[in-house]
Amino acid sequence: MTYIAKPKFQHPGLPKNDLGYTHRDYEGKVSTLCAGCGHDSITASIIEACYELSIEPHRVAKISGIGCSSKTPDYFLGNSHGFNSVHGRMPSVLTGANLANRDLIYLGVSGDGDSASIGFGQFAHSIRRGVNMTYIVENNGVYGLTKGQFSATADRGSKSKKGVMNTDNAIDLVAIALQLGATFVARSFSGDKTQLVPLIAAAIRHKGASFIDVVSPCIAFNNHAGSTKSFDYVREHNDAVNRLDVITGRDPITVDYAPGSVQVVEQHDGTRLALRKIDADYDPNDRLAAMTFLQKHAAKGQVVTGLLYVDPDSEDMHAHLDTVERPLNTLDAGDLCPGSSALDKINASLR
């Protein structure tokens, strides 16, 4: 259906954000994914989050790999920068782009095959380096483009559409992200837009490596009885630890929840995250506790969702490397070649 263009006409009464943009200004092309695909719900959530944050589309760079998930950047933010890389190589391309120009907002969109198999090493290094990005994995547990083979995130004991049982242990990308030092870690479900939209918005506003694993059922090959990535299974086994509200301004926080049920986390840019606690004992600032919580609930067959960990004092790769603040393409010869005296000082410091 890519030959069918979306009509340019917009109703004059459409709601607008602070920049005067409507939702249509954040959309892309018509989706070619299967009708009902969870990935399209994630696309809608990204559009909603960018609309609510009043982000200028041209300030966004969306980068993907190969797979059903990596097709989705074509369906949102049609006026942003975009790069569709090769299989499993999205993280390194995004890292290079981020090093060259820190002024852009980076959205990395990947899948469970793209990030947990061929791109597993790429995923790990981008997270441990603290690249300032929002890394979204659209996780369906199968290779949808090649007819439904198990991916590395498929749970052991789950069954394929053909009835074959998976005998391999699953890779939990959320647990790996926590271990590698990601400073914003969350999991959500494509069928829960109320939870997913604020998680994406908070991840975009976070400075550092933000990772969101979104369970997104493949309706063609992994939405049947026996699958642990189906709509029914996730709805029945979803254990949400919190709900998130993102407050971008300085307006007072007003809540109608019981005392102690709301935790406010202020990020480096002043954005405040109001966490409505569902599990009273859960602390999203404790990395080790988050890892333990995940393992305990995974053993019970439960899918833990929500904001699992956030570091409000995080730093990104540029702070670690002390890089220049200006985009590299704005540097002139004087910036790049400071002269012989500067070179002499560098050589002297190495003696």
Selected residue (only one of Asp25, Asp18 is more than 19 Å from Asp114 (Cβ to Cβ), over 19 Å from the mean Cα position of the chain (by Cα) and not in a helix (DSSP H, G or I))
Asp18
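Listed here are the residues, each with its yes/no results for (1) open to solvent by less than 90 Å² (accessible area, probe 1.4 Å); (2) modelled with pLDDT of 90 or more; (3) among the hydroxyl-bearing types (Ser, Thr, Tyr).
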residue	(1), (2), (3)
Leu288	no, yes, no
Ala298	yes, no, no
Val304	yes, no, no
Asp311	yes, yes, no
Thr323	yes, yes, yes
Thr330	yes, yes, yes
Ala333	yes, no, no
Ser340	yes, no, yes
Ala348	yes, yes, no
Return the residue satisfying two criteria in turn: it lies in region 36-63 and is in contact with a Cys (Cβ under 8 Å, 6 or more places away or on another chain) and not in a helix (DSSP H, G or I), and of such residues it is surrounded by the fewest Cβ atoms within 10 Å (Cβ to Cβ).
Val60
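To keep it simple, each residue is scored yes or no on (1) out of contact with any strand residue (DSSP E or B) (no Cβ under 9 Å at 6 or more places or on another chain); (2) modelled with pLDDT of 90 or more; (3) surrounded by 12 or more Cβ atoms within 10 Å (Cβ to Cβ); (4) part of a loop (DSSP other than H, G, I, E, B).
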| site | (1), (2), (3), (4) |
| --- | --- |
| Ala258 | yes, no, no, yes |
| Ala280 | yes, no, no, yes |
| Asn285 | no, yes, yes, yes |
| Ser314 | no, yes, yes, yes |
| Lys345 | yes, yes, no, no |
| Arg351 | yes, no, no, yes |
From Ala170, Ala220, Ala152, which residue is open to solvent by 20 Å² or more (accessible area, probe 1.4 Å), under 19 Å from Ser64 (Cβ atoms) and either charged (D, E, K, R) or part of a loop (DSSP other than H, G, I, E, B) (or both)?
Ala152
Among the residues of region 2-12, is any of a type in the set (S, T, N, Q), open to solvent by less than 50 Å² (accessible area, probe 1.4 Å) and either closer than 15 Å to Tyr135 by Cα or not in a helix (DSSP H, G or I) (or both)?
no
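Which residue is nearest to Ser160 (Cα to Cα), if the candidates are limited to region 188-217 and must be open to solvent by less than 30 Å² (accessible area, probe 1.4 Å) and among the charged types (D, E, K, R)?
The residue in question is Asp213.
The values are calculated or read from the model by the stated rules, or taken from the named source; none is laboratory data. Treat the numbers as computed from the prediction; the structure is a model and nothing was measured. Heads up, the Cβs are rebuilt from the backbone with ideal geometry, glycines too, and the neighbour counts pull from every protein chain shown. Protein only, heavy atoms only, side chains kept; ligands, DNA and RNA dropped before computing areas. Shrake-Rupley method; radii C 1.70, N 1.55, O 1.52, S 1.80 Å.
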